[in-house]
Structures are given as C-alpha cells and as structure tokens.
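Read the figures in this text as sums done on the coordinates, not as results from a lab. If you're wondering where the values come from, they're calculated on a predicted model, not measured in any experiment. Methodologically, a virtual Cβ is constructed for each residue, glycine included, from the backbone with ideal geometry; neighbour enumeration extends over all protein chains shown.
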Amino acid sequence: MRTTDQNLTLYAKLAGFRLVVLANRLGCDSGFPLELHNRLIEGLDAAIARIQMMMALERSVLTGEDGLAEYQLQGENEIFGRFTINLLDDLEIDFDTHEYRINGGGWINALASDDSGAGVQFPTLVGLTDEEFGSLVSIIMGITQETGIPVDAARVVYGREAVEDELP
C-alpha cells in the first residue's frame, strides 16, 4: 500500500508527464500521431483522477470520517496496481467459448470455415514500432520507468498477412 507521500509524488509525476505530452502534441498536424497523443493524455487524466480519489480516501481514513474508507482505499490500491494506459486496441479472448471482443465491444465468434475445414481464428495484437510512436517513444518509456504504469499500444490484426496491411 502506498503512503500519502508516495501518492503525492506520483500525482506530481503524472501531472508533469501530462504537460510534456501536451507540449509535444503541438508538433502534431493531425492523424495517427495526434490520436496517440490525445489517448495518452486521456490515460494520464484517468490515472491522475484515480490518485486524487485515493488521496481523498487517505484523508478520510486519517480523520476517521468514514469507517469504510480504509476498505475502499485497499480496493483502490489493488485496482491501481493493475492500471494500464491503453493507446490503441484491447483484445479479450475467451478460449472456452471461442469468442473475442475488441475494445470492450460485443463478443465475436472466432469459429471460421473454408474449403479446408473449420477452425478457430483469433485475431492477434501487434505492438507499434518506435517509428510509429514517433516523438512519444521517450515520453512513454519515462512514464513507465518513473511511475510504474505500463503504456500499451497495439493494434488488432487478422491473420499473418494483415500485419503489413494494417500499418497507418
């Protein structure tokens, strides 16, 4: 469990990285780089909001105002320990039902058939290259190193030959 000082330090680091990303975004004209910057800012905003909530719960625990605050704080710390900033696609696969969903959408059946028979064809996630990240590479590495919050950026692709077709 993090202390108040650790949460305050993390808050300051996240706010600092948010400013760096905002400044870096000024160099984007439009398109894919701008979208990555905007999503990273949204992710940092979400992390900052969660830290603010945890600090408010810490105050409630210290003042004894709320008897449930300690349990809520424990839960929030556990949730924050799994927090990830996701810049592009999120893929969930249910191997038992042979279904998948992308970005929290509806479940899609992965059973497919062709002239060679039936099979299960799940899409895969392919990470962005440093070139695709552009100027965000060092910022993202800094966020992960300084805060411990992973930043994921992968796109869903279908089949092996789709990898090259899906690049922006």
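Sum up the charges of everything whose Cβ sits under 14 Å from the Cβ of GLY104, counting Lys and Arg as +1 and Asp and Glu as -1, but leave GLY104 out.
Working: positive: ARG101; negative: ASP89, ASP90, GLU92, ASP94, GLU99.
Neighbourhood net charge equals -4.
Looking at the square roots a ≥ b ≥ c of the eigenvalues of the Cα gyration tensor of the range 8-67, which shape do they give, rounded for a/c under 1.5, prolate if a/b is larger than b/c, or oblate?
Prolate.
Quick one: grab the alpha carbon gyration tensor of the range 1-103, order the square roots of its eigenvalues as a ≥ b ≥ c, and give me rounded if a/c is under 1.5, else prolate or oblate depending on whether a/b is larger than b/c.
oblate
So if R0 is 22 Å, what FRET efficiency would PHE32 and SER138 give, r being the distance between their Cβ atoms, rounded to the nearest 0.05?
0.75
Under 1.5 on a/c is rounded, so check that first for the range 9-168, then, if it is not, pick prolate when a/b is larger than b/c and oblate when it is not; a ≥ b ≥ c are the square roots of the alpha carbon gyration tensor eigenvalues.
Judged from the Cα gyration tensor, the range 9-168 comes out oblate (a/c at least 1.5, b/c at or above a/b).
Based on DSSP, what percent of beta bridges with both residues in the chain are antiparallel, to the nearest 5?
90 percent
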